Every structure is written in structure tokens, then in C-alpha cells.
Amino acid sequence: MRSTLYVLFFLLGCTQWSFAQEKAQLSGTFIDDKTKMPIVGVVVLLENNKQTVTTDADGVFIFVNLDAGDDQLVVNSAGIRPFRTAVSLLAGESKKLPAISLMQENQIDVQTILGVIDDDVLNDGDNQGQDIRSSVILSNDLYLNKVGFKLSPFRFRVRGYDPFYEQTYVNGVLANDQYRRVFNFASIGALNDLTRNGDVVNYNNAGNFTFGAIGGAENINMRASSYAKGGKLTGSYTNRNYYARGIFSYSTGLMDNGWAFTGAVGGRYADKGFIEGTSYNNVSYALSIEKQWAEGAHSLSLVTYGSPVVRGQQGASFQEVYDLVDNNLYNPNWGYQDGKARNSRMVTAYDPTAVLSHIWKIDERTSLTTGGMLHYGRYASSALNWYNAADPRPDYYRYLPYYFSMNPETTDPFTYAYYENLWTSNNTSVTQVNWEEMYRQNMDPENRRKYNGAALYMVEKRHSDLLEATLSSTFNKLYDNNMRLTAGVEARKSRSYQYKTVDDLLGADYVLDKDKFAERDNPGNDDIKQNDLLFPDRKAYVGDIFGYDFDIDVQSVNAWVMNNYQTSHLDFFYGTKLTYTDFQRNGNMMNGRFPNSSYGRGEKYTFFDYTLKGGLTYKINGRHYLSANTSYATEAPIPDRAYAMPRVTDQVVKGLSSSKIFASDINYTFSMPRLSGRISAFQTNFYDQLERMAYYHDSERTFVFHNLTGVNRVHRGVEAAATYRLDDNWNFDFIGTMGEYYYSNNPMGVMNSENGKLVDVEETVYMKNLYVSGTPQFAGSVAARYFYDYWFLELSANAVGRNYLAASALRRLASNYSNINPYDEASYEAYKTLTTQERFDDALTFDASIGKLFYLKDRRALNFNFSVINLLNKKDIRTGGYEQGRIDTSFPNRFASRYFYMQGMNVFLNISYRF
């Protein structure tokens, strides 16, 4: 019996050995049809074997454990013209195909067409997310690739996710910062030529350079060897925040000695942007150096880039103001000084970055990528400040005609008519910032005597700087049984510097470093007024720090592992990630309201978190797939949101803890010779999230931070995309989503005021069933594309709907409506007006573009494209807005909402010459 078992095991082993020997392997490289450079992130399908892989950073793909016989190699990725070729595999063969040329579609330079996507209307808390995502260009998924471009003017966010749920890597190193957890796309502005190559992980799928995130991840490949030899000169005109752009780039390609060099310089400029009062001045640079040894087994790459910018911002305003001036793009941030336009909200930003990356190709199927990143981002935004003086903002509600008609105490038909005439005639001393009046009041002899030369009005700069270092290493191994092991470790250390400086005293001598709100409520307590008890009654001059000054130190370490496995009918992956995070505030001022918790190092807060994820794909055949993905994660609080009032105290939000995210989706993917696409259903549940709102509290007469804890949200919906190839010339795209993103509970709100009057005032905020704002929840696009002899034409229609105004927490407190009588019609209507969330009108726009690529002698080329967004010049499309954090139940329209509008027709002309 025992001998029989030995024989059976021997025969089984021989069978398995023979089976393994009969399996085949197929590899190859995809290159650009004209530049001959590798194409990264191309999805490759073997139809009969039902296997799918993605090309790596060198454009290489590899299939293992294949059945012998005839098969079809298929490429159907967004941005690539469809490709199909027959391959024949012999048993036990390891076949390497010659380099395969693919034709990349003449994708419009989307980053430049859209310019900086409404970055001039973002508030300080969102200053890091300014440009269109690079995944718009990099994504191999039709839906993600198209909606990111087509719907960006509507501020569309995929699945309603916040920007920090997407990860951006540069040469394999994570570039999202730790303080706000977003990537600063402005740091690569005007460097389009060097940021078009890379790989992506769509949504929560498995990847070979990252564990991933629910919003997906992209790895921008800036290795010098990945660029074709030669130069490129680009000039552009557009009518957005800047009107002129230029880029020059040059690459040596990979030389015989193993070295490669690539550099680029660019710039964007507008002395007067399309929006009145805006301006743009930007110079960008990048230098990439790479050395390869031993036939590419080792590669060491160094890249440095930066994009310093100075720009004038646009601000949101009230519908009354837009109607009075007959301009939905009215900008309240600017006015004339000595006959020249001057913007009160100027941004200066510069984020120089260096990335050192080493790739070790241990063998054809094994690699180790190790890298480090260092960057020092500097961001400052100016703003008006005033002390014992009237509000200088031109659209302050007391300066508008409506104020003189809504209240019996203030109703005055003559004053109403007077102000209405000033606004409708566009008297800039009223409709814009009155710089000359602020100078006059600061220099008025009586005011100088009364305030001893201290500023009544001044311009301050709010700084948010970040010094950050990251080290990471990622291991990839493909085994003979079609299992891929991917694992990584990462360590990060950051310090965020938050402080305020004096930018311009507007003719005054100095500014007194005291809190104006604390003075109102504590007239006899001098210490409580001080912003820094270490230097009481300090006089601050231009360039001096005043108001607040603190640092936040953040450290994190994580390790992760993921396995992918492919069979003839079933693919699956699973993985886990463990993360340690800590952060600590260090105050550089002893605040008079919080002397015991503002100065020096505060408590260190530590968090241990984990993520579990997995996915399953069932292959109906080589052209139809069903898949499902799911993940559960806990995440440490975002340091930027963790503190109740970070400017004045190290007190954290009450009940601070990790949040939880449960995400899942089900997908049907099809890839036929003429029709391909994807249909998905998704749901993501967010638990125990933090949100923070800041506003001036009228009744308390102070600036308030309103922190929401235990926030739960649900994001669910369906999304679909299909492209139909009529023939070699015509293609038709159909993309759409219908989502429902809403708050699923009533979180606890905790109010704190910087003047010390309100401390941990708790009350439930009735947010349940309100909709998440900031993005349309319905969106779709239909496009017809034509290609002939490198002529490219496209017409498209884009529709959005179910976009909602951002809700104010203050308006959802029951205590504010204690005097409401439900049986009194006027009283009840006021309550409904204040608590009903506004839904914006649905919108439809049309776009058109035309382009031509001319190939000249000696591999030179001339590229021309012209595009028009919002072809019908619609100027009444609201893209965002928010309710004010102020309330008046007697006159509910006193504090109206502020809105953002889409620009009208937007043109873009681009000409580039490659040599």
C-alpha cells in the first residue's frame, strides 16, 4: 500500500511538472507609434486565455502560465486607438514579441484648456487642490479618463469623494502631504510635457506601485529615460485665469553610456485675467537625471521640480450683487488704487520638490523600487483685516440695497434707491474695494491721534508652509502560477508651519497685536486681549509675525502586502495595510485667552489603523467580465481638522478618534471589437468623520470654529461608460453617472470661539438626509470623435444635475428656532427658508475641438489644436456655493448664500513643435 502511494505521488508530481512545462509565457513592449517611447499603464488582454495585465514603467507586459494555441492580443485603453493582433503559443514556449507600436490619440491638453480649475474661488482650507487631476490624462479607464476632463468645469468629483481619497505618486513615492492629505497639483503647473506619463490604479483595485485608496492612485513617471530624445516648444492662448502659456522641454533619451537627462521650463501669465481683478504670474521648472547600469537591472533617478506662482483670486458673492452689476462673474476682492487694479486676495505659492528613486530589476518578473522625496511647500494668501473700523468688503450685507428694504428699522426708500443706483451704475468706490478710503482713514490726523498711529485697516498674509520627507520601498514578484506578490513599507515625517504676517499697513505705522473680538467682551482684562503674553502690547510692522504662530508635527509609518492570483475563469486579490500615525502641536505664542494650552509642545496623539481589501473577477469569456471589490479601513484624523481652534490652543476636537470607511462596488466590463465599456454600482459608507466650519457668530460677536464629530455619510450610485467604434474614422462615447451622496446621521456639533467666550458648547446638528455639496450627483457626456490622417475633431454635450448648496451647521441647531411658531405662517416659512437645502438648476453645455498633427522630416512634428468649452456661452450655471454661518429668524434672507458661477465660453489654442 505504501509503495502504491509513493508511485501515485511520483506520477502526480510528474504530471504537475509536465503540466508546468506545457504552459507558455508571452511578453512584449508597447511603444508610441511616432516617438518610439514606451507607453505606461496600457491594459493588455489575451482573449482566449482570459488574462489581463498592465504595462509597467518601461512599457513592458508579461503573461505567464498560458495555455498553448492561438489567441488574440487586445489593447482597449482610453487614450489609445484600439489594437488587436493574433498570437500563437507553443507548449512550454517563452515567447517575446517585437516592440508593438500603438497610436496614442491626440488627447487635448486638458490641464491647459481648463487652466487652474477655479483655484481662484477656493477658500484657504482648500488651497492645495487646484489643478485638474493627472489621472485625467493617465487613466486607462474610459469613464475616469473622460469625466475628469469633460466635467471638471462643473467641479465634478468622481463618486463624490473628497480629494484626499486619491493618492498621487511621483516616481513611485507618495506625494500627498500629511497635513491635509492632498497633492498640490499647482506644484507641477505648466510642466505638462513631463507629467503625461505614468500608471494608475482605478478606484480600490490592486496595483503594482501602491496599496491604493478608494479614490484611486496615479504614479506620475518623471524618469528621464521615459522621454523621447528631442525637444518640444509649446505656446498656448486661453481666456481663463491666465491667457498665455509657454513650455520648452528637451530630453537626451537614454544614451549609450546609460545616462539620460530631461529638463523643462514653462510659464503662465496674465496681467489681467478673464475675471476682473485677477492676475497670474507663474514660472515652472523641472530637471530629471537618470543613470542605468547592467542593461537596465539598476536605475537611479533624481528629479526636481517647482512652480512658483503669484495670482489674484476671485471671491464668491450674493445673487443680489450679481443681479445689480449684471455679471455672474463679479469679483468683490479688488478695487482701484492710484488708477490701477489691486486685489486684496493674492496668493503666493512655491513647493520645490526633489525625488530620488532606485529601481532594481532583480529578474524579468521581480523588481524592487525604493525612493525618497523631500519638499518644502510655501503658501500664503493675503486678506484684509480691520480694527475699530467699518467692514471694507464692498458686498458686506449692510452696503446692499436689500438691507434698506427688509427691516422696518432700516427701511428707507430713498437710501434704497441711492444704493441701488450706485450699484447698477457700477460706481467702483462702492462696488469694489475702496483702497483710497482705507489709506485716508489710516492717515487721518484724528484717527492717528486717537489710535497712536495703529492701523485701522491693513493687509495680512496667512501662511501655510510644509516641510516633508518620505521614504518608501515597494517589492513586486510574479510567480509561475500567475500569482503576483506586491508589498511595501513607507515612513514619513512632516512639519506644517502656520502663521500670519503683516503684508501692508496701508499708510499706518504698525498694527497692535491684540484680538479685537476679545477686547469687545473683556474691556477690563488686558491680558486676555493679548495674542502673545510673552510680548504684550507688541507693535507689529511689515513682515512681522502676529496673530498666531504654531507648528504641527506629523509622523507615520505603514507596511502593506497584497496578493493577486489569476486562473482561467477566476481572478482575485486580497491585501492588508497597517499604519501608525502621530501628530503634535507646538505653539510659538502664549495666547491670552488660552495661556495654559497655547504655548510650547502639546500632547502627542497616536493612532494605529488598518485596511483590509479584496476583489474577485469572474470571466464569462475573454470579452465579458464580472467583478466585485470591497474594503474596510480605519484612518487617523486629518491633522488639519483634528484641533478645535489650532491658531490659539492645542485643544483637539472632543472625542477625537479614527474614522472608518467601508467601500464596495460591482462591475460589468465588456470589450468587443466595436463596443467596449463598463457599468458599475457602488456604495461607500463613511463613519465617524470630522468636519469643521468657521464663521463670524453674530449673537456672540466673535469668530467661531464649529466642529462636527461622528459624521456619517453614504455615497452610492451607478456609473457607466461605453465607446462605440463605427469604423476607422468615427468613435462615439457615452458616459454617465447617477449618484446619491448624503449625510446619514445627525452629528454632534462642538462650538469654540477664539475670544474664549465659547468653550466646547455641544449641540446636535440636524444634518441627516442633507446632500453632500460641491459636486453634481448626476452627470453625463455624449461625444462624437472623428479621426482621419491625423486630423482630430470632437463634438460633445455635457449635462449635470442634483448639485447642492453647502449647508451651514448653525442653521441646523434646534436652539436657534425656539421662538418659531409652527402655526404662524410667516414664522414657519422663515424656518423652512433657513433649513431647506438649495438645489442648483440642472445644466447642459456643449464643447467642440479640432486638431491636426503634422509629421515633418527627421521625426519632427507640428501639433495644432483649438477647443471651445461651453460653446453656447452660458453664464448662468452655478457650480458651487455655501450658506452663511449667520442667521436671523426674523428676516431669513438677511444673510443670503454666496455662489460661484461657471465662466462663459472658454477658448483654448495650442501649438507645439517637436524636434
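None of the figures in this text is laboratory data; all of them are computed from the coordinates on show. Note that the structure is a prediction, hence the values are computed from the model and not measured. With ideal geometry, Cβ positions are generated from the backbone for all residues, glycine too; neighbour counts draw on all protein chains shown.
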In segment 468-511, which residues have a backbone nitrogen under 19 Å from the label point lying 7 Å from LYS95's Cα in the Cα-to-Cβ direction?
482
If R0 is 45 Å, what FRET efficiency do you get for GLU364 and ASN586 from their C-beta distance, rounded to 0.05?
0.35
C-alpha center-to-center spacing [segment 776-815, segment 24-47] in angstrom:
33 Å
What list of ³J(HN,Hα) values in whole Hz, one per residue of segment 600-614 in order, does the Karplus curve 6.51 cos²θ - 1.76 cosθ + 1.60 (θ = phi - 60°) give from phi, with Gly and Pro shown as x?
x, 7, x, 5, 8, 10, 10, 9, 10, 10, 8, 9, 10, 8, x
Could you name the lysines whose alpha carbon sits less than 16 Å from that of LYS95, not counting residues in the same chain fewer than 8 places away?
LYS23
Which listed pairs, of LYS34/LYS291; LYS577/LYS757; LYS229/LYS852; LYS272/LYS500, have C-alpha distances above 32 Å, in listed order:
LYS577/LYS757
Out of all DSSP beta bridges in the chain, what portion is antiparallel? Express it as a percent rounded to 5.
95 percent
Over what distance in Å are the Cα centres of segment 462-517 and segment 842-883 separated?
34 Å
Simple SL model, points at 7 angstrom along Cα→Cβ for LYS516 and ASN821; separation in nm is 3.9 nm
Taking the Cα-to-Cβ direction at ASP509 and at THR764 and moving 7 Å from each Cα, how far apart do the two end points lie in nm?
5.6 nm
For segment 190-319: rounded, prolate or oblate by the Cα gyration tensor [a/c cutoff 1.5]:
oblate
Over what distance in Å are the Cα centres of segment 198-219 and segment 329-405 separated?
28 Å
For LYS619, give me every one of the aspartates and glutamates with a C-alpha distance below 20 angstrom, ignoring sequence neighbours fewer than eight places off in its own chain.
GLU47, ASP67, ASP70, ASP71, ASP141, ASP571, ASP665
Using the Cα centre of the chain as origin and beta-carbon charges of +1 (Lys, Arg) and -1 (Asp, Glu), tell me which of GLY198, GLY246, PHE840 is placed farthest towards the positive end of the dipole.
GLY198
Residues meeting the amide H criterion for ALA78 (H placed from the backbone, H to H distance under 5 Å, 5 or more places apart or on another chain) are ASP141, LEU142
DSSP H helices in the chain with Cα extent of 18 Å or more along the helix axis and mean Kyte-Doolittle hydropathy at least 0.0?
2-22
Could you work out how far apart the two model spin labels at GLN72 and THR415 are, taking each label as a point 7 Å from the Cα in the direction of the beta carbon, and quote it in nm?
7.7 nm
Given a cut-off of 29 Å, name the pairs among LYS232/LYS493; LYS146/LYS875; LYS529/LYS832 whose C-alpha atoms lie farther apart than that in the structure shown.
LYS232/LYS493; LYS529/LYS832
Mind listing the phi-derived Karplus ³J(HN,Hα) values for segment 627-638, rounded to whole Hz, using 6.51, -1.76 and 1.60 with θ = phi - 60°, and x for any glycine or proline?
9, 9, 10, 8, 7, 9, 9, 10, 9, 5, x, 5
Among (i) 104, 68, 62; (ii) 94, 69, 61; (iii) 124, 73, 59, which one is Cα extents along the principal axes in Å computed from these coordinates?
(i)
Would you kindly state how much longer the chain becomes between LEU872 and ALA814 on full extension, computed as 0.36 nm times their sequence separation minus their alpha carbon distance, in nm to one decimal?
16.4 nm
Taking LEU506, LEU356, LEU570 and counting other beta carbon atoms within 10 angstrom, the fewest-first order is LEU570, LEU356, LEU506
